[in-house]
2 protein chains.
Amino acid sequence: MMFSKACEYGIRAAVYVALQSLDGRRVSVNEIAEEIDSPIAFTAKILQQLSRSKVIHSVKGPTGGFELDRTEMDTVKLSMIVHAIDGDDIYVGCGLGLKECNANQPCPLHDKFVDIRTDLKNMLENTSLYELATGLEVGLTYLKR
Amino acid sequence: MMFSKACEYGIRAAVYVALQSLDGRRVSVNEIAEEIDSPIAFTAKILQQLSRSKVIHSVKGPTGGFELDRTEMDTVKLSMIVHAIDGDDIYVGCGLGLKECNANQPCPLHDKFVDIRTDLKNMLENTSLYELATGLEVGLTYLKR
DNA sequence: CCAATAAAGGACATTTTTGTCCTATTTATT
DNA sequence: AATAAATAGGACAAAAATGTCCTTTATTGG
Ligand code: FES
Ligand code: FES
């Protein structure tokens, strides 16, 4: 509703990869799609994007799969995933669909919209995969239901 | 980026109707589409929806068009437009795409997401068409660019 | 080297959203 | 009553997002 389906799957997938990487487990597309309840082939495409944009790391061949090392879990923020998949609409777009958001010729909703967008942006930039994975680890949160 | 295109057009259209109604002018689909820079026929559909959901009032026949009386400009909030066009995803949907947002089995982003969604919801529920139209009236804001 | 395994990627299919066109209905004016 | 102007609405078209299938490439282990 705020992110595309692709982006939702991307975040869920990345969090799952982070979670399993905490245990040193490398995971396959099939396992990921199963665990986050997403369409396999579509999820594979998204994982490719995340891999290309260095959000997660991929390894080909037997024993291959997706992983993320511990330090990256702290540096990879949600904003990177959203940016990799949905682009920068969330950062530069006008809430009412004008060509671009421009404070000098604002749309009627600009001021109110920018406040919310700034909060969202800050949230995305300050939330790491590690933070999200730890909630899952202790069983407080869920990636499917 | 947060609302559908239909919803963006809907809000812009409704604000324009409100603005013109302040001068007692009833406006046609063609004028609206011209002034908010939107596709005519598509805008007509959206105006139908808004009319059906009582956000604006429509009058058929010669001298007909869309209008909104002064008291309605205060009571009609953005939330009504968004609800009429995009439904209640914004209210009940999970940010990571789980079936529904459920605080008892939250997704990893739930707490952070709910904060932002609540702000957005409040903003939509507290912003009237009158408020948006007045900014336009004095030339501070724009509906196209 | 060979076979098996897993991601990468291209081509295609389906669904949803966005957008167009044409006809029907309502109503003001003459 | 006839005409014309306007919205209502149905049917269709195009584009974008979502989703599938199959082939290629890299890598491991025997
Ligand atoms: S101009 Fe519309 S949100 Fe800034
Ligand atoms: S459960 Fe995901 S936002 Fe509430």
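Quick notes on this structure:
- Filtered residues of segment B:119-145 (kept if assigned to a loop (DSSP other than H, G, I, E, B) and farther than 19 Å from A:E100 by Cβ): B:T127, B:V138, B:G139
- No other residue among B:K60, B:K45, B:K54, B:K112 is within 30 Å of A:R145 (Cα to Cα) and either in contact with a strand residue (DSSP E or B) (Cβ under 8 Å, 6 or more places away or on another chain) or among the basic types (K, R) (or both) apart from B:K112.
- Residues that are open to solvent by 70 Å² or more (accessible area, probe 1.4 Å) and at the interface with chain A (Cβ under 7 Å from one of its Cβ atoms) within segment B:127-143 comprise just one, B:Y142.
- Any hit, segment B:71-79, residues being open to solvent by 50 Å² or more (accessible area, probe 1.4 Å), closer than 18 Å to B:Q20 by Cα and in contact with a Phe, Trp or Tyr (Cβ under 6 Å, 6 or more places away or on another chain): yes
- Looking only at residues in segment A:104-126 that are touching a helix residue (DSSP H, G or I) at 6+ places or on another chain (Cβ under 7 Å) and surrounded by fewer than 19 Cβ atoms within 10 Å (Cβ to Cβ), the one that is nearest to B:T118 (Cα to Cα) is A:D119.
- The condition of being in a helix (DSSP H, G or I) and in contact (Cβ under 8 Å) with a residue 12 or more places away in the chain holds for only one of A:L50, A:L96, that being A:L50.
- Condition met for B:E100 (within 30 Å of B:R25 (Cβ to Cβ), surrounded by fewer than 19 Cβ atoms within 10 Å (Cβ to Cβ) and not aliphatic (A, V, I, L, M)): no
- Residue in segment B:87-102 that is within 16 Å of DNA strand D (Cβ to nearest atom) and under 12 Å from the mean Cα position of the chain (by Cα) present: yes
The values are calculated or read from the model by the stated rules, or taken from the named source; none is laboratory data. Predicted model only: the values in this text are computed from it and were never measured. Neighbour counts are summed over all protein chains in view; Cβ atoms, including those assigned to glycine, are modelled from backbone coordinates with ideal geometry. All accessible areas refer to the heavy atoms of the entire protein, side chains included, with ligands and DNA or RNA removed. Shrake-Rupley method; radii C 1.70, N 1.55, O 1.52, S 1.80 Å.
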